[in-house]
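The values are calculated or read from the model by the stated rules, or taken from the named source; none is laboratory data. Since we're looking at a predicted model, the values are computed, not measured. Methodologically, a virtual Cβ is constructed for each residue, glycine included, from the backbone with ideal geometry; neighbour enumeration extends over all protein chains shown. Protein only, heavy atoms only, side chains kept; ligands, DNA and RNA dropped before computing areas. Shrake-Rupley method; radii C 1.70, N 1.55, O 1.52, S 1.80 Å.
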Amino acid sequence: HPKIEKEEVIYNGIITNITQRKKAEIALKSLATNYASLSGKPFYEAVCSHISSLLNLDYVFVGQIIHKTNEVNVLGGCALGAPMGAMQYNLSNTPCAIVSDSNICHFLESVQEKFPKDDLLKIMDIEGYVGIPIKDKSDHVIGILVGLNTKPIVETDNLTSFFNIFVDRISAEMVSQK
């Protein structure tokens, strides 16, 4: 109830930011409806585009780990608002190498300084990085889900939790595509 004092109205209340919860609800609804009929590259592109727009990331991609050659084969993604082209790169000296060892990894800023031998980070002018491993049912890392930004990543609340919403479905898709 408003309290009136000398012609001023004073309200007491609590404001709760539900942005993260709404983003999670949108993500889950999209997985259940928008992306249910998609498979392969169209699925990866749609999911990555969704993550990119909700978290304001410049690049998001799904990569398959090729353990024999220590490489990542990008299966699909979103680059600056458009579908990402085919790409393969070596894991050596990259933050993705940390993720491929079954670790969640995020560098909100200055990722190039932490990985000076990663030429792709320089070429793409990447400042912020987040990556999460994609595992099969036997808990082996089969891929990675990566988000990159040319500016520091400011969306930090539950960033990896948001990525985790998609990981199981991505894992199932990767396994079914083998």
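Pairing residues of region 99-115 that are at negative phi with residues that are open to solvent by 30 Å² or more (accessible area, probe 1.4 Å) and of a type in the set (A, V, I, L, M, F, W, C), at Cβ distances under 8 Å and at least 6 apart in sequence or on separate chains, gives CYS105/ILE98; LEU108/VAL154; LYS114/PHE107.
If you filter region 155-178 down to residues that are modelled with pLDDT of 85 or more and out of contact with any strand residue (DSSP E or B) (no Cβ under 8 Å at 6 or more places or on another chain), you find that the one that is least open to solvent (accessible area, probe 1.4 Å) is GLU173. Within region 73-123, being surrounded by 13 or more Cβ atoms within 10 Å (Cβ to Cβ), at pLDDT below 95 and either among the hydroxyl-bearing types (Ser, Thr, Tyr) or touching a Leu at 6+ places or on another chain (Cβ under 7 Å) (or both) holds for SER100, HIS106.
Restrict the check to region 31-42 and report whether at least one residue is of a type outside the set (Phe, Trp, Tyr), at pLDDT 90 or above and open to solvent by 40 Å² or more (accessible area, probe 1.4 Å). Checking region 31-42: at least one residue is of a type outside the set (Phe, Trp, Tyr), at pLDDT 90 or above and open to solvent by 40 Å² or more (accessible area, probe 1.4 Å). Restricting attention to region 124-152, the residues that are open to solvent by 30 Å² or more (accessible area, probe 1.4 Å) and either within 16 Å of the chain's Cα centre (by Cα) or touching a residue at least 40 places away in the same chain (Cβ under 8 Å) (or both) add up to 6. Residue pairs whose Cβ atoms lie under 9 Å apart, separated by 6 or more positions or on different chains, with the first residue in region 166-178 and basic (Lys, Arg) and the second surrounded by 13 or more Cβ atoms within 10 Å (Cβ to Cβ) and not in a helix (DSSP H, G or I), are ARG169/TYR35; LYS178/ILE142. Cβ separations smaller than 7 Å between residues 6+ apart or across chains give the following pairs from region 36-64 residues that are more than 20 Å from ILE142 (Cα to Cα) to residues that are of a type in the set (Lys, Arg): LEU54/LYS23.
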